[in-house]
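To start, the structure itself, in structure tokens.
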Amino acid sequence: MEKKILHIDVNSAFLSWSALKLLKEDPTAVDLRTIPSAVGGDVKTRHGIITARSLPAKEYGIKTAEPVVKALQKCPGLVLVQGDFATYHEYSSKFIEILFNYSELVEQVSIDEAFVDISDFCMDDMEAHLTTPVDGTTDISTLKENDRALATAAMIKDEIRDTLGFTVNVGISSNKLLAKMASDFRKPDRLHTLYPEEIKVKMWGHPIGDLFGCGKNTAEKLKSLGIMTIGDAANTDLQVLIGYLGSNAGEYIYAAANGIGGDEVHSEHEAAKSYSNETTTSEDITGEKFAELAYPLIKHLSEKVSKRMKRDDIKGYTVRVMVKTNTFGRHSRQTKLISPTNDARVIERTARELLEKLSFGDEGILNEEGLGYRLIGVGVADLDYESEYEQMDIFGFMEDKKSDEKQAKLDAMMKSINDRFGKGKVKRGKE
Ligand SMILES: [Mg+2]
């Protein structure tokens, strides 16, 4: 059966979230969303670039990623606010939490975007969520599959708006690529479907540069060859595109323009919240063997966690140790650091102290004769996203092959395309 995938994208996320924070601090303050305003740069020196702007600012022609100086030329009265990542992270988490009420399969792709697979969102779930009639009918059993997806998307959109105070766009389709394309259609606070049978009408007329994953250089190259729209690319022979762009990009553009994309939503709920490693022990770690066996393990696990965090360029505030005893009890202890870390020595030192307290403090586990550990784990949670968030678009990878992560995502997508359609057997999109 075809999947039902949503792509949910917060409208002008940073700007909306800054507006909400200001209103929270001062309910009489002007709502930044209703005036020409922007987040970005250094507010005092008026340098840097615009990272988000309000719809009224957009009407002045102000674009994201343009220099603040240029934006001020277009609109001298533009109200500028400084980015506030702690606040953004808070709203982002709340937004993602709501999505998890509808599906286990939520893949956050940036601070303000996520895919949700709602294929299994069943009627019972729907009734539980349904408080207002959808599309004038309360009889949800008569809703057809696509209508049900639409109704679910509407519930999610409205719940976010009504409980958190900001709006989102939701794209609905049977794969991630089309859902993402759809959420980018008219904004704000809207739902759009883009099923494969709709691409001809809804997507093919768009400029080729609007195609997800088609970077600026690729778009320029295609335009110079007379391929102006997504439909033009879809109806160009695959081999011709490969000839122009090479096999990776050529195949990708051809498949994407024909509405073919991966449909696996990779849920990273827990993974996104903490980094941890654990290991079972070769012999029970009892009180007597503690120093000999536990300390080297803690060192090893701390190094592993640190290495993964450094690879992802992220730090966390909370260090945690977990143990499983030979009587199968699970216990853990954690502490919050003053500043976030991914340093192996800091993690190790903290984890050692925690494990000592857990083992030998008041009610220490290893105080009891015969008890020992079968498993020890070390983790870092409470991640600090401040340094990490750039509004990265995961499919803007065509021009940036340097990043292994992006390359891996591209490879995964191509694999999924090939698995589904067979390499080289991608059919042309003409009807
Ligand atoms: Mg957004």
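Since every read-out is calculated from the coordinates, none of them should be taken as a lab result. Since we're looking at a predicted model, the values are computed, not measured. In this analysis, Cβ positions are derived from the backbone assuming ideal geometry, glycine residues included, and neighbour counts consider all displayed protein chains.
Observations
- Pairs exceeding a 18 Å alpha-carbon distance, out of 4/157; 3/176; 4/144; 94/310; 157/200: 94/310; 157/200.
- Order of 120, 210 - criterion: other Cβ atoms within 10 Å of each residue's Cβ, fewest first: 120, 210
- Taking 0.36 nm per residue of sequence separation and removing the Cα-Cα distance, the residue 318/residue 59 pair yields an extension gain of 88.8 nm.
- Here 17, 204 are placed in order of increasing Cβ neighbour count within 10 Å, fewest first, which gives 204, 17.
- Counting lysine pairs in region 13-86 that sit 8 or more residues apart in sequence, or on different chains, and whose Cα atoms lie under 24 Å apart gives 11.
- Size descriptors for region 221-268 (Cα atoms only): Rg and Dmax, in that order, 12.3, 41 Å.
- Protection-proxy order for peptides 300-312, 1-13, each taking the mean of Cβ atoms within 10 Å per residue, highest first: 1-13, 300-312
- Dipole magnitude for region 273-384: computed about the Cα centre from +1 point charges on Lys and Arg Cβ and -1 point charges on Asp and Glu Cβ, it is near 560 debye.
- Percent of C-alpha pairs per 10 Å bin, region 273-384, short to long: 16, 50, 27, 7, 0
- Debye log10 I(q)/I(0) for region 13-86, one point scatterer per Cα, at q = 0.15, 0.17 Å⁻¹: -0.42, -0.54
- Stretching the chain fully between residue 291 and residue 97 yields a gain of 65.7 nm (0.36 nm per residue, less the alpha carbon separation).
- When each of the peptides 20-26, 163-169, 221-227 is scored by how many other beta carbons lie within 10 Å of its residues on average, the order from highest to lowest is 163-169, 221-227, 20-26.
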